[in-house]
Amino acid sequence: MASSSIFGLCGALLIGMGLYGFITHPHLLRRLLAFNVIGSGIFLLFGATAARLPSAATDPVPQALIITGIVVALAATALGVGLVLAYARVTGRTTLPEDGAPTDPGKPPR
Amino acid sequence: MSVSLAIVALVTAPLVAALIAVILPRWGPWLSLLVVAGNAAALVVLIPAIVSQGALTLPIGGWQAPLGITLRADGMALAFLTMAALVMAAVLVSARPEFGGGGEVTETRRQWAFWPLALLLWSALNVVFLSRDLFNLYVALELLTVSAVALVAIDGKADGLGAALRYLMFALLGSLAYLLGAALLYAQHGTLDIALLADQAIGGRAAVDMMAVGLMTAGLAAKTALFPFHAWLQPAHSGAPAPASAMLSALVPKASFAILIRIWFEALPGLATPPLLVTLGAMGAIAIVYGSVLALRQTRLKLMIAYSTVAQIGYLFLIFPLAGGDSYMQPWAAGAWTGVMFHALSHGLAKASMFLCAGLWIVAAGSDRIEAMRGLASATPMIASAFALAAVTLVGLPPSGGFTAKYLMLTSAFVSGQYVWAAVLLIGGLLSAAYLYRPLAVAFARDGDAVFKPVPRLAQAMPLMLALAAILLGLASQGPFALMQIGRPSSAEAGLQ
Amino acid sequence: MSATLPILILLTSLVPAFITFFLPQERHSVRNLLNLGGAVLKLGLIVFMILEVVQGTIYETRISFAPGLYLLLRVDALSLLFVSLSALLWLLTTIYAIAYLGNKPEMSRFFGFFSLCVAATTGIALSGTLISFFIFFELLTLSTWPLVVHKQNAKSIAAGRSYLAYALPASAVLLIAIIWLESSVGPVEFATPANLERLDDNSLRMIFALFIAGLGVKAALVPLHGWLPAAMAAPAPVSALLHAVAVVKAGAFGVMRIVLDVFGLERMETLGVGLPLAVLAAFTILWGSARALQQQEIKKRLAFSTVSQVSYIVLGVALASPFAVIGGLVHLVHQGLMKITLFFCAGIFDERAGITRVDALDGIGRQMPWTSVCFSIGAIGMVGLPPTAGFITKIYLGIGAMQADAPWVLAVLAVSTLLNAAYFLPLVYRIWFGDAPTPVPAGGGPTERPLGLIAPPVITAFASIAVALLAASSFSPLAWATLIATRDYLR
Amino acid sequence: MIDGTASDIAATGFDLVLAAMILGAGLFAVTVRDLFGAVVFFIVYGVFVALAWLRLGALDVALTEAALGAGLTGVLLIGAVARLGRRTGTQGTDALSRRSAFSVRSVSQIATMLVSAAVSVALGWAFLSLSDSDGLRAGVAANLDASGVSNPVTAVLINFRGWDTLLESIVLLAALIGLWSLWRDDDWGRRPGLRQHARADGVLAMFGRLLPPFGLLFGVYMVWVGSSLPGGAFQGGTVLAAVWLLMMMAGLMPPPMVTSARIRAVLIAGPLVFLSVGIIGAFAGGFLGLPPAYAKPLILMIEAALTLSIAATLALLVLGPPGGPAMPSGPGDAP
């Protein structure tokens, strides 16, 4: 089995895992963490597709796109962390109240 | 030459201005005016050029797709760019009293951050409307999201921060879904260019393509706040300061919607199946009814307007079942595709106007409860007129752009025998009349005792200008209609099925 | 010229409207000059146009919005009848309104929307396609609302809400009807018969019903009339506008266009939709009269009388026989003249003597002779007694009913005349023969000045007699209606 | 050939173990109860993922993932945990997982699990059923000579798809503006991050004195080699950012004032230089076009400016607002 297949499938699994974490954790930092897991899963999957032809070197375009993607994800994470900190400073909470989002079963403990 | 410079100006002018505004915060308002002028000039050059020569393509760096990224100015792009320029002009002028920094010696956080963020948001929009590369669109969308989220939180209050977080969570997940879809498409076809994808994917309905487009659609729908992904919209749009709300409601959802249209109608028109189109249409229909009913129940002005946006976004998704509409059989039925574009444009103008009105009224009345608006129509007649004209557009009454949109969509629905969508359109119009009537009637009622803070005339003129533009879009539909036919994908006429 | 004249006629009220919006409250003379000037200019242009049309000029203007969606202004005999009526009455109403409202607040808003209303009515009259008609019809709805709520008190706000609650759903229904029809047969122009064969009979019946429902709100057909009595909360000039110049007239005019130009009398017959429409009109006539009888407020009584009277127009075209159609057409003019007289007078009673209720009219005839004479002429006309305009209408409708083999209509006419008499003649009696409750204060009685207030009702009252006396002449409304009916619609 | 197969098997075995470790670390990062523990697992996970990139033959990505994905994101999250205090971080998840009785919550959790698994399966299937596309290897190779650099990834990043990279550097800047806009009004004009009380003879201070010269050198080297070997502005910028952060944390130099015009100029320099080159190009013939003759020096200039801006932006993104509860001095100090 080629590296690309192993890490491609690994990426697919990471995406699922991250999605699970993103949906089930009400804590906002954990969501950001899960977001990063999904992101790296996507990058891994994408990178694996770029390396899936054994005859040739890895396609440079996806690599460049992934580098861009990592930077963009970092930017979003940094803003997210800042928002969580500011939100916690103002409200003392680290979860969103009365979560109307259908994807969030968790509520802060009573 | 000057034409490609105009395209470059559209995407770079706001960027350069934003960068300069970072180091020279006091110049923010003036830089914005310069960008408005620059964009206006670029559009004045571009529109006649594409009317005479057809859609224009600019390969960035001289690298043709698939290696490089291309920008393409077609009718739809220019229509959206023009709308965005009008809205941004009004918003940036309106923002000056709040963010312009009067005579204070020390700069404040809000005043420093607002101008670069607003200008970056604008540049992201312009890139989204022009770019033909799926990954470039992703980066632009992220720029849009980051600046929009920051604008929601700019007041630093608990509501705004919570709303920004909720928005960010939805947007992040949406971005990831879109990115995943784009990655799969590249892996399958070796290109990210919309036109080349269309050539590659002709005919077949590969399962991977379906999955990729499904992921991108879900992600973009979340960013557009289509029901059931709308939960972030109303806190974000109602919690932000009025100029930011205007941008968020009028422009930001249009960006992800424009990408959605590019993907479905231009990149992979062969993928659609009737059940899928009906599903997308049904989600739009539910959004229309749900958003309208909730708007009816609000007692706060900005919340009501925000829920109205949830409803109005629903109309956009009727494009999927309605486009085409057997128009080849009935040459006068010009097609829902253009109708939905008209809706997107007129909603953008009218909704921005309405949020600016709301912002001024809230300042004048000192509260955002609708009941507090009693007597404001006499005190601020220009705002009242703007609000009323914007309402006329949103309800879809003649002679506004909203009516042209409704007429084209209704005709399509009838011609193709899809009466359900026609019913949704009409019910949605009546419901919007019902919820928009309330604040108007309250503002119109006389209240001799109320004392309002005065509102400067220039600030009042901005929403009025936008609302008049929305009306003018209907009165002079011919021009925009013809413009939007330039470079229009053939699937817009033939439908997606 | 032939392409620009219809536009010019529209602009004579549009331009004053937009300038007026931006005039400060205290610029009375400029505002009055603008509005009167516009009205006079419009009347002049229309007279010019009539003369040209007689010469055979065809006026047509097209403005395209999108494929299938275009504005067509086209002048035919029917539109001339309506546009000249509304232009004449607009001039008179403007004179009256200037005198009536005087120095009250928000004058610029009032006259701005007033002119806009008339522009919309003119547009309705000149529209050459269904969509053009619809656009102006909606503009009329919207521009009337600020007039209805002009007093800005709770009552008028409620009236405004009721007005829109009726009008907006109706416009949605009208839009469905138009788009349903046009999606099958293409854009419908009044001048060229639409190819209705593309639709089956049942669809056509549905579409016809939707048209009537959509227009019936403005034409105040029972049960869609509820907004009209509520709208009495508006100032008197607005009532005149609603009842005589613009709004209900637009509804009735729309019904005419649908019956005569879209479907045509023959097809209405083959579809069998004429009789139900006639029955509905007949019922509205009786219902309106019966309800008028119960009202003790003068303006409310007049409002229900309008509900009843406008349906004569609908009844005429629904019966589809030559005399009935002519009667319906001419009643468009007759009802306008008579009803506007009554509302002008009711406004003067209210404004100058504080009289709003029927029983307060006792003996007012001696104090306010001019107003009282005019009011009496209008009332007698409404009952249909000679020598007034109402008499002509009823005679024509009666003969038309016989021609249409519908003798039951005669009974309806008879009962309605009795009811009309029952609710109008007591007013006339009270005015002239009732006992004034208090002695007249020396020199301080209610005045009928300024001239601008009393001249309009005098003119309209005089006109409503003149059109009856001169009915046989070749330039009377009756002659005109006959010409329209026989030349354009009766084949 | 036997050797070849054996090494193939060994390689596959290594890949499988690495994938398992990635998945394990990722699973812990997502599910472990303690927030701080989750972050630690996330950093470990990032390092493993970087190894996977090496195995996929993507050195540039590996460097970026290690520096940004694991390194800076990890520091960012650790800083956040410290500022929030660990207690608030754990209560939500405690409540989530302890009440183990069969409840609506666990039903929805199971449903979520099933949906996530279905997503994974679908994606795995999609990955395996991709048609063989050659990607853009040929296109990049054919135009590499005209790009001015010999590292194809750098060619794509700065030349072929320079527009993406330009926008991406601006996204970073936008995030920083957004982050700063979240400060308390009273803090505006103060220095970001916490005042550091590093002991002059402490380990940190020593590192702070020792490392910067090497770090600086390494960072600059990475940018320089980026044109021909793996490396580039973002990776180099990250190293420089780390050096600067270390110096600030060691108390060797104060963080800059947010209102300082100088630091703002540094932040915008990279994007502005890039944009200017692009706009000048637009007048000369093509927006963002780099004439082959000048491509190499232009790219070096752009990269140098970008590196500077990226380093400053990244460092300030990590520093966070002034004040607040204690912030850990760095990953090394974590318990």
Margin query: Tell me which helices (runs of 4 or more DSSP H) are completely within the stretch C:92-202 and hold 3 or more residues being touching a Leu at 6+ places or on another chain (Cβ under 9 Å) and small (Gly, Ala, Ser), or say none if there are none.
Written below: C:107-126, C:154-185
Notebook entry, point to check: When the stretch C:299-329 is examined, which residues are found to be surrounded by fewer than 24 Cβ atoms within 10 Å (Cβ to Cβ) and within 11 Å of C:Gly400 (Cβ to Cβ)?
Noted result: C:Ser321, C:Pro322, C:Phe323
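Mind telling me which of the residues A:Leu32, A:Leu14 ends up being out of contact with any Lys or Arg (no Cβ under 9 Å at 6 or more places or on another chain), crowded, with 24+ Cβ neighbours inside 10 Å, more than 7 Å from chain D (Cβ to nearest Cβ) and more than 30 Å from B:Ala65 (Cα to Cα)?
Values: A:Leu14 fails: more than 7 Å from chain D (Cβ to nearest Cβ).
Result: A:Leu32 is the single residue among A:Leu32, A:Leu14 that is out of contact with any Lys or Arg (no Cβ under 9 Å at 6 or more places or on another chain), crowded, with 24+ Cβ neighbours inside 10 Å, more than 7 Å from chain D (Cβ to nearest Cβ) and more than 30 Å from B:Ala65 (Cα to Cα).
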Check: Looking at the stretch A:37-48, which of the residues that are touching a Phe, Trp or Tyr at 6+ places or on another chain (Cβ under 7 Å) and within 7 Å of chain D (Cβ to nearest Cβ) is surrounded by the fewest Cβ atoms within 10 Å (Cβ to Cβ)?
Finding: A:Leu45
Next item on the list: Residue by residue through the stretch C:386-430, note down the ones that are surrounded by fewer than 16 Cβ atoms within 10 Å (Cβ to Cβ) and outside any helix (DSSP H, G or I).
Entry: C:Pro386, C:Pro387, C:Asp405, C:Pro407
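Which helices (runs of 4 or more DSSP H) does the stretch B:334-397 wholly contain that include 1 or more residues that are without any contact (Cβ under 8 Å) to a residue 60 or more places away in the chain? Even if it seems obvious, please write down each step before you answer.
Working: elements: B:336-365, B:376-379, B:381-395.
So the answer is B:381-395.
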Notebook entry, point to check: Quick one: B:Ala482 ticks every box in (1) in a loop (DSSP other than H, G, I, E, B); (2) in contact (Cβ under 8 Å) with a residue 60 or more places away in the chain; (3) out of contact with any Phe, Trp or Tyr (no Cβ under 8 Å at 6 or more places or on another chain) bar one, so which box is it?
Noted result: (1)
Notebook entry, point to check: Considering the stretch B:342-369 alone, what residues qualify as being within 14 Å of chain C (Cβ to nearest Cβ) and either at pLDDT below 95 or touching a Pro at 6+ places or on another chain (Cβ under 8 Å) (or both)?
Noted result: B:Phe342, B:Leu345
Margin query: If I filter the stretch D:281-314 down to residues being in contact with a Pro (Cβ under 9 Å, 6 or more places away or on another chain) and more than 8 Å from every other protein chain (Cβ to nearest Cβ), which single residue comes out as farthest from A:Ala73 (Cα to Cα)?
Written below: D:Ala284
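Does C:Ser79 satisfy the criteria of being hydroxyl-bearing (Ser, Thr, Tyr) and farther than 30 Å from C:Arg487 by Cα?
On the way: hydroxyl-bearing (Ser, Thr, Tyr): yes; farther than 30 Å from C:Arg487 by Cα: no.
For C:Ser79, the condition - hydroxyl-bearing (Ser, Thr, Tyr) and farther than 30 Å from C:Arg487 by Cα - is not met.
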Margin query: Suppose we filter the stretch C:1-26 for residues that are in contact (Cβ under 8 Å) with a residue 40 or more places away in the chain and not in a helix (DSSP H, G or I); how many remain?
Written below: 7
Item checked: the stretch C:190-236, residues that are of a type outside the set (A, V, I, L, M, F, W, C) and crowded, with 18+ Cβ neighbours inside 10 Å -> C:Gly214, C:Gly216, C:Lys218, C:His225, C:Pro229, C:Pro235
Next item on the list: Would you confirm whether any residue within the stretch B:93-115 is of a type in the set (Val, Ile, Thr), touching a residue at least 24 places away in the same chain (Cβ under 8 Å) and more than 8 Å from every other protein chain (Cβ to nearest Cβ)?
Entry: yes
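Criterion first (surrounded by 23 or more Cβ atoms within 10 Å (Cβ to Cβ) and more than 11 Å from chain A (Cβ to nearest Cβ)) does B:Leu179 satisfy it?
Details: surrounded by 23 or more Cβ atoms within 10 Å (Cβ to Cβ): yes; more than 11 Å from chain A (Cβ to nearest Cβ): no.
No: the conditions fail for B:Leu179.
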Margin query: Please count how many residues of the stretch D:314-328 are surrounded by fewer than 17 Cβ atoms within 10 Å (Cβ to Cβ) and at pLDDT 75 or above.
Written below: 0
Item checked: Filter result (touching a Lys or Arg at 6+ places or on another chain (Cβ under 9 Å), more than 22 Å from A:Gly41 (Cβ to Cβ), among the hydrophobic types (A, V, I, L, M, F, W, C) and outside any helix (DSSP H, G or I)) within the stretch B:184-239 -> B:Ala231, B:Trp232
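Residues checked against (1) farther than 21 Å from C:Leu260 by Cβ; (2) modelled with pLDDT of 90 or more:
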residue	(1), (2)
C:Leu43	yes, yes
C:Ile63	yes, no
C:Leu85	no, yes
C:Leu92	yes, yes
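Kindly evaluate B:Phe444 against the criterion of being farther than 25 Å from C:Gln152 by Cβ, within 10 Å of chain C (Cβ to nearest Cβ) and modelled with pLDDT under 95.
On the way: farther than 25 Å from C:Gln152 by Cβ: no; within 10 Å of chain C (Cβ to nearest Cβ): yes; modelled with pLDDT under 95: yes.
The answer is no for B:Phe444.
Please list, ordered by residue number, the helices (runs of 4 or more DSSP H) wholly in the stretch C:221-326 having 3 or more residues that are within 30 Å of C:Glu197 (Cα to Cα).
C:247-256, C:265-271, C:274-294, C:298-319
The values are calculated or read from the model by the stated rules, or taken from the named source; none is laboratory data. From a predicted model like this one, the values you see are computed outputs, not experimental measurements. Cβ: placed from backbone, ideal geometry, glycine included. Neighbour counts: every protein chain shown.
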